[in-house]
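The values are calculated or read from the model by the stated rules, or taken from the named source; none is laboratory data. The shown structure was predicted, so the numbers you read here are calculated from the model rather than taken from an experiment. Using ideal geometry, Cβ is built from the backbone for each residue, glycine included, and neighbour counts are taken over all protein chains shown.
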Amino acid sequence: MGFEQYHEPAGELSAETRTFARMCANLTEEAEAISWYEQRISLERNPAARAIMQDSLAEEYKHFSMDLEFLLRTKPQWREIARGILFQDGDIVANGEASERAAAGGTDGGPPAVPPGSSLGIGSLKEQNQ
């Protein structure tokens, strides 16, 4: 893979952004490994070989989960959205939409989202300062 995870010049990116990109690449690689093991296990007829692969698969689950947790800890909005989706009953898409709306409402510590067609109020602030 090399340095293909960067879409901007690496030297211009902060150390935090480079670490984030590395962890995203790690997460992707763990997901690929999970898929490979699942495919191999589904075809493997030898019980001993299958058991070894299943043990390896459990390691990949652990690594994927650790990578995801690291990433979620670095991005509060992502973590907030994930909380509304992961380990929840009901419709996954509906949970995702509701979670995204809730996070856009400012629960990530950032400013609330501005609904389409509304004003940020910059004009009214400009008038107050004149």
Exercise for the section: Please state which one of Ile81, Ile85 is modelled with pLDDT of 95 or more, surrounded by 14 or more Cβ atoms within 10 Å (Cβ to Cβ) and in contact with a Gly (Cβ under 7 Å, 6 or more places away or on another chain). Expected result: Ile85
Completion exercise
Those residues of the stretch 15-37 which are more than 17 Å from Trp78 (Cα to Cα), in contact with a Phe, Trp or Tyr (Cβ under 9 Å, 6 or more places away or on another chain) and among the small types (Gly, Ala, Ser) amount to Ala31, Ala33
Practice task
Give me the pairs, please: first residue somewhere in the stretch 44-55 and touching a residue at least 12 places away in the same chain (Cβ under 8 Å), second residue anywhere and assigned to a helix (DSSP H, G or I), beta-carbon distance under 7 Å, and either six or more positions apart or on two chains.
Solution key: Met53/Tyr37; Met53/Arg40; Met53/Ile41; Gln54/Ile41
Problem - Pick from the stretch 1-35, criterion of a type in the set (Phe, Trp, Tyr) and surrounded by 14 or more Cβ atoms within 10 Å (Cβ to Cβ), ranking: farthest from Ser56 (Cα to Cα) - result: Tyr6
